[in-house]
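Peer 1: Questions regarding the structure given below will be posed in turn.
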Amino acid sequence: MEDRHLRLHSFSYDVQPLSPPIDGPGVRLWAGKTRTQNGQLHLPMYATWQLAEPDSAALRDVGEALVLHASGSAGGWAEAVKLIDPDKEVDEYEPNYRGNPDRWGHPMNLSTGTVSFTATLPQPQGAPTLYFHLTLLQRVSNLLALDLQSGEGRSFLEGAPHAFPNADIPPR
Amino acid sequence: MLSRTPIFLPASEGLAAGISLFESSKLGAARARAEWVQGALILPAAEADTSARRDRWLCALTLSVVTEKDQLAAAAKVVPQATLGSVWREVKIAARPHRAVEFAFDIRDAFGDVPKEPFYIHLSAERHISAIQRREGAPAPAAALMGKEGGGALDSLSIAYALCRAGNHARALNAFRTAFTQDDIPADLDRPHLFNAACAASLAIAKATDAPTREKLVAQSLKWLDEDFKLAHERLSEIWRELSRAPEEEARQRLVAQRQVLTDELDARATDPDLAAVRESSAWRPSGKPAPAAR
């Protein structure tokens, strides 16, 4: 089995103007262009959500309840990581350092929101496909499949490919 | 044992392509609900037309657990704890051919324990994601579970496997006996419970402190092996009879595949290391048939 450890080492709250739209209640996962550096694979992503007010009010902090699920090709590794850990301190040298958690102070309990983050993991050997999706308690997002060999990305809803208005992730 | 996380044949009703998680009501008492995951993986026939492709799909099955309060999250591949070479069945969905396999496994095989607080589970496999199920937290500590062996047959089966995992094979035997009072549990060849019970009895021999107990355990193991062998033999004879009636090609292929799975499993059972203690006994017969005195 592959030994991989996914790290979510940056996130910011100031991406709303550039983030892709979400067209209804639910959770969506989007990806930017993958890059490799120093043997690490960097996958910039956005999580967007839209919840009815009663649903979002029931959650203390929607952003903190988002979980990213990742897995490699068949037989590979699998991990699930909280997107925002309120207790996690981001090192100052990391690109999106925003200070200590108690100084972030951004209201996340909105009915619509976006978080950007970069998933980082060791460059896999070979050319596997990586699969990512989000959950927000009982809600599940679309699923992104990133093929490292071709550089292609695909997005699926309930197992079926669907149109994905992001230039980096062409549907097929 | 063939598998402590057996993969079952699919039910034929109410299924959709993708991954379906079944309601846990089948599993009986609340204490089983938190731990057992049961469902089916159903794919278009073209995507699961070879055993390599089918195994690949099973290897892709990933279980995710997220706790409700703190959203503590974990994910693990399912199949390293389960068995490949499972029996797939052909099913029609919207008149189109699909292949399906039903799975059942214990969350503790993947994560070692069940969260104490309510949690959410779901399965994914490449592009497929199941619906999310909410589970109550672990309802009973292991000690309490081990003290309640008088429930229904399926409960008893869960307890038997839990006791085996805990290394308490001798106590698992009573739970297996209770489970086998329900006719369709021992009779289902796709769930190797009789064989696994025989393995549990064999493994208990090492911890037996006196000769009479060891003899009883050998006899019990051989009795279950004998029943398991008879069932397999009956099923093989049935397959031969069906093949001799010159069935249509599709049915013939299915029967041949079933025959292969059964013969492979019988071969594997003959050399299973868990049965070492029984093999060393004077009552062992290589054919799988116990000596009359041992029955």
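The values are calculated or read from the model by the stated rules, or taken from the named source; none is laboratory data. The model shown is predicted, which means the values in this text are computed figures rather than measured ones. Glycine gets a Cβ as well: all are built from the backbone with ideal geometry, and neighbour counts include every protein chain shown.
Peer 1: Does region B:268-295 hold any residues that are in a helix (DSSP H, G or I) and modelled with pLDDT of 80 or more, and which are they?
Peer 2: Within region B:268-295, B:Pro273, B:Asp274, B:Leu275, B:Ala276, B:Ala277, B:Val278, B:Arg279 meet the criteria.
Peer 1: Restricting to region A:3-17, count the residues that are part of a loop (DSSP other than H, G, I, E, B), modelled with pLDDT under 65, touching a Phe, Trp or Tyr at 6+ places or on another chain (Cβ under 9 Å) and not hydrophobic (A, V, I, L, M, F, W, C).
Peer 2: Count: 3.
Peer 1: Let me ask something else. Identify all residues within region B:192-207 that are of a type in the set (Gly, Ala, Ser) and at pLDDT 85 or above; write none if there are none.
Peer 2: Matches in region B:192-207: B:Ala197, B:Ala198, B:Ala200, B:Ala201, B:Ser202, B:Ala204.
Here is a yes/no grid of residues against (1) surrounded by fewer than 17 Cβ atoms within 10 Å (Cβ to Cβ); (2) at pLDDT 65 or above:
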residue	(1), (2)
B:Ser130	no, yes
B:Gly137	yes, yes
B:Met146	no, no
B:Asp155	no, yes
B:Cys164	no, yes
B:Gly167	yes, yes
B:Leu173	no, yes
B:Asp188	yes, no
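Peer 1: Of A:Pro20, A:Pro25, A:Pro44, which residue is at pLDDT 80 or above and surrounded by 12 or more Cβ atoms within 10 Å (Cβ to Cβ)?
Peer 2: A:Pro44
Peer 1: Being surrounded by fewer than 23 Cβ atoms within 10 Å (Cβ to Cβ) and at pLDDT 75 or above is the filter here; which residues of region A:49-64 pass it?
Peer 2: Residues satisfying the conditions are A:Gln50, A:Leu51, A:Ala52, A:Glu64.
Peer 1: Residues in region B:21-51 that are modelled with pLDDT of 85 or more and among the small types (Gly, Ala, Ser): how many?
Peer 2: Number satisfying all stated conditions: 3.
One line per residue, one yes/no per condition, for (1) assigned to a helix (DSSP H, G or I); (2) at pLDDT 85 or above; (3) closer than 17 Å to B:Leu194 by Cα:
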| position | (1), (2), (3) |
| --- | --- |
| B:Ala219 | yes, yes, yes |
| B:Leu225 | yes, yes, yes |
| B:Arg241 | yes, yes, no |
| B:Glu265 | yes, no, yes |
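Peer 1: Cβ-Cβ below 6 Å, separation at least six or inter-chain, first residue in region B:114-130 and within 10 Å of chain A (Cβ to nearest Cβ) and over 12 Å from A:Ala80 (Cβ atoms), second surrounded by fewer than 20 Cβ atoms within 10 Å (Cβ to Cβ) and aromatic (Phe, Trp, Tyr): which pairs?
Peer 2: Partner pairs satisfying both residue conditions: none exist.
Peer 1: Looking at (1) surrounded by fewer than 20 Cβ atoms within 10 Å (Cβ to Cβ); (2) not in a strand (DSSP E or B), which one does B:Pro97 not meet, given that it meets all the others?
Peer 2: B:Pro97 satisfies every listed condition except (2).
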